[in-house]
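Below: the structure, in structure tokens.
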Amino acid sequence: MAQIDDHERAANSARGKSSKRQRFPNRTSFLAALLTIAETATQSLQTDKILNDTLDKSLEILNFDVGSVRVLDHEAKNTLFRIDRGFHHPANYTPRNQHRIEQLMIKAKEPHISPDIRQDPIHKSQSMEREGVISAAHAPIMSKKRVFGSLTVGSRRFHKFSKIEVDLLKAFGFQLGMALENAQLYDEMRQGKLYIENLVENAGEAIITTDAQDNILTWNHAAEVIFGYAKGEAVGKSLTILVPPGHPNELEDLRAKVQLTGPTRNLEVRRIRKDGVMINVALAVSPIKEEEDKVNGFLHMARDITEKTRYERRLKELDQMKSEFVSNVSHELRTPLTAIKGSADNMLDGITGPLSERQTRYLGRIKSNADRLGRLITDLLDLSKIEAGKIDLKPARLPVNLLVMEAADVLRAVAAEKLIGLEVARADEPVHVWADRDKVLQILMNLIGNALKFTPPHGKVIIAVDNAGAEWIKLSVADTGPGIPPQEAAKIFDKFYQMEQSNRQKTQGTGLGLAISKALVEMHGGKIWIETGIDSGSVFSFTLPARRPLEI
Ligand code: ADP
């Protein structure tokens, strides 16, 4: 205290004669001023009021006649806000100059004091001087994070600034900085809130919030459209207005579930509109928590899926009809085909008398094409049964190594004919799967058959059985054929898809084998996929459960 008083006395005597009439502020009045400003700054979010009040207070306490406040943009290039006091021609007070002082302060983060601006090179362009200002002080308006601008005070009389005056200006600058920062934060928050409110209002989904007792708190535009209640009608009511009669506990159960296990998604529920029409809704419900464990309410997001559900149901019906049609037609085709094949066999066996070499060739062609047609019909029938859900698996515990050997043995003759090495990489000990024997054989025959079909002579096909984690067994068929380019890999499991292959011999397939295999693998809960194999050939792998799933 004594120190400051001394300092002040020194400052006062330095002012000399010319400043005799000035009121010399003491420390108490400084503190009082600071307190007033601090109060305004913390209580008000009106930044222009705070800036104006602070400037006036600074001039009043120093008994100065000229002052200004400048708030600059983030790069301190443009003035965003400006107040002037006491300038005869405020325009004289060029921003260019002001900016030079601000740049200086932004760097130094300290006030810039000029007891005599005529001696201060920074005031060289004389705008202050033209105004008759002799002494001036500039304090940075700054928070801990950044400098916002400057608070300037000037006197047309000579004034030697005391330390306490400089400190006060600096403190004012800080107050203003904090006030601006708060206002900015508040503004950002308000804008963020507006942005979210806008998003919610314009969302395509109904967004409804309730309190913990299902009373509706907010109701967006989509909720009005989907459920037919205007915001004013819905807010304040219970959400039970949307629940169809006969489900008195639905919301309560839902609340309990969400509180216990967290947000739920993709629930499909029935809801009743204001006009009494029932709709299907996809619903997601999340708890709204203010504290860690306390649920204050719920957020419901709902989408009207009535049309979609109707469409899906119709699609299912059509699919069913298509499957039945395919199944009927296939049966119908089979009977004449059996007759054609039987007749060709009989003729080839010589029952109808000796055949010329040409007749034998023609009959052979009839027989092999009838066989192909037969395979196609079988595949079509299989697929339509799978798709119609008409295939029941008969799973059992199977020694899969033996099954692989069995499939390989059936196709060994085909491999030998094409001079392809067919190997089974033996597992050290018997490996078991929980699967339907016939279906596993069908998948294996399909994959091994394809591998032999697409691998050129002298190539290699290797079948392997491995563990894939504790729960799954992986079976793979690798070949040295042309391989599958990555862009085709996803498509080859589609129905009727056959890859374009330049070097491929005449198409000998239906494009259904992999689609059937995939469906059969998935019925077992497994996965099927393809990778690039030896010599850029293909590796088809699929998984089957290692053991019987636990009954739930
Ligand atoms: P299909 O063999 O009757 O044409 P699939 O569904 O079994 O029908 O196979 C679909 C297509 O995938 C085949 O036409 C072929 O282009 C490709 N493909 C299948 N297996 C292999 C393989 N091992 N090597 C190369 N291409 C294959």
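The values are calculated or read from the model by the stated rules, or taken from the named source; none is laboratory data. Quantities reported herein were computed from a predicted structural model and do not represent experimental measurements. Using ideal geometry, Cβ is built from the backbone for each residue, glycine included, and neighbour counts are taken over all protein chains shown. Side chains included, ligands, DNA and RNA excluded: accessible areas come from the protein's heavy atoms. Shrake-Rupley method; radii C 1.70, N 1.55, O 1.52, S 1.80 Å.
What the table below lists for this structure:
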| quantity | calculated |
| --- | --- |
| Members of segment 131-143 that are in contact with a strand residue (DSSP E or B) (Cβ under 8 Å, 6 or more places away or on another chain) and open to solvent by less than 10 Å² (accessible area, probe 1.4 Å) | Glu131, Val133, Ser135, Ala136, Ala137, His138, Ala139, Pro140, Ile141 |
| His432 of a type outside the set (Val, Ile, Thr), at pLDDT 90 or above and farther than 29 Å from Asn369 by Cα | yes |
| Residue in segment 144-156 that is at pLDDT below 90, surrounded by 20 or more Cβ atoms within 10 Å (Cβ to Cβ) and in contact with a Leu (Cβ under 7 Å, 6 or more places away or on another chain) present | yes |
| Pairs, first assigned to a helix (DSSP H, G or I) in segment 127-148, second among the aliphatic types (A, V, I, L, M), C-beta under 8 Å, six or more apart | Met128/Val66; Met128/Ile117; Met128/Ala136; Glu129/Ile117 |
| Residue in segment 212-219 that is touching a Gly at 6+ places or on another chain (Cβ under 7 Å), over 17 Å from Arg303 (Cα atoms) and open to solvent by 80 Å² or more (accessible area, probe 1.4 Å) present | yes |
| Near pairs, Cβ below 6 angstrom, 6+ apart or cross-chain, from segment 509-523 (free of Cβ contacts under 8 Å to residues at least 24 places away in the same chain) to any residue that is near the ligand (Cβ under 6 Å from one of its atoms) | Gly511/Tyr497; Gly511/Gln498 |
| Sole exception among (1) modelled with pLDDT under 85; (2) over 15 Å from Ile528 (Cβ atoms) for Val424, by number | (1) |
| Filter pass, Leu55 being among the hydrophobic types (A, V, I, L, M, F, W, C), crowded, with 20+ Cβ neighbours inside 10 Å, assigned to a helix (DSSP H, G or I) and at pLDDT 75 or above | yes |
| Residue in segment 99-119 that is part of a loop (DSSP other than H, G, I, E, B), modelled with pLDDT under 75 and farther than 18 Å from Phe172 by Cα present | no |
| Filter result (near the ligand (Cβ under 8 Å from one of its atoms) and small (Gly, Ala, Ser)) within segment 510-530 | Gly511, Gly513, Ala515, Ser517 |
| Selection from segment 237-269 of residues that are hydrophobic (A, V, I, L, M, F, W, C) and open to solvent by 90 Å² or more (accessible area, probe 1.4 Å) | Leu260 |
| Of residues in segment 423-464 being open to solvent by less than 20 Å² (accessible area, probe 1.4 Å) and more than 19 Å from His524 (Cβ to Cβ), the one nearest to the ligand (Cβ to nearest atom) | Ala451 |
| Helices (runs of 4 or more DSSP H) wholly inside segment 213-297 containing at least 1 residues that are out of contact with any strand residue (DSSP E or B) (no Cβ under 7 Å at 6 or more places or on another chain) and β-branched (Val, Ile, Thr) | 221-227, 250-261 |
| Residues satisfying the stated conditions in segment 465-500, i.e. among the polar types (S, T, N, Q), touching a residue at least 24 places away in the same chain (Cβ under 8 Å) and either near the ligand (Cβ under 8 Å from one of its atoms) or touching a helix residue (DSSP H, G or I) at 6+ places or on another chain (Cβ under 9 Å) (or both) | Ser476, Thr480 |
| Leading residue by the ranking (least open to solvent (accessible area, probe 1.4 Å)) among those in segment 412-422 that are assigned to a helix (DSSP H, G or I) and either in contact (Cβ under 8 Å) with a residue 12 or more places away in the chain or polar (S, T, N, Q) (or both) | Ala415 |
| Flag if Asp409 is modelled with pLDDT under 95, more than 12 Å from the ligand (Cβ to nearest atom), part of a helix (DSSP H, G or I) and open to solvent by 60 Å² or more (accessible area, probe 1.4 Å) | yes |
| Looking only at segment 379-406, and only at residues there that are open to solvent by 60 Å² or more (accessible area, probe 1.4 Å) and within 21 Å of Val477 (Cβ to Cβ), the one that is farthest from the ligand (Cβ to nearest atom) | Leu402 |
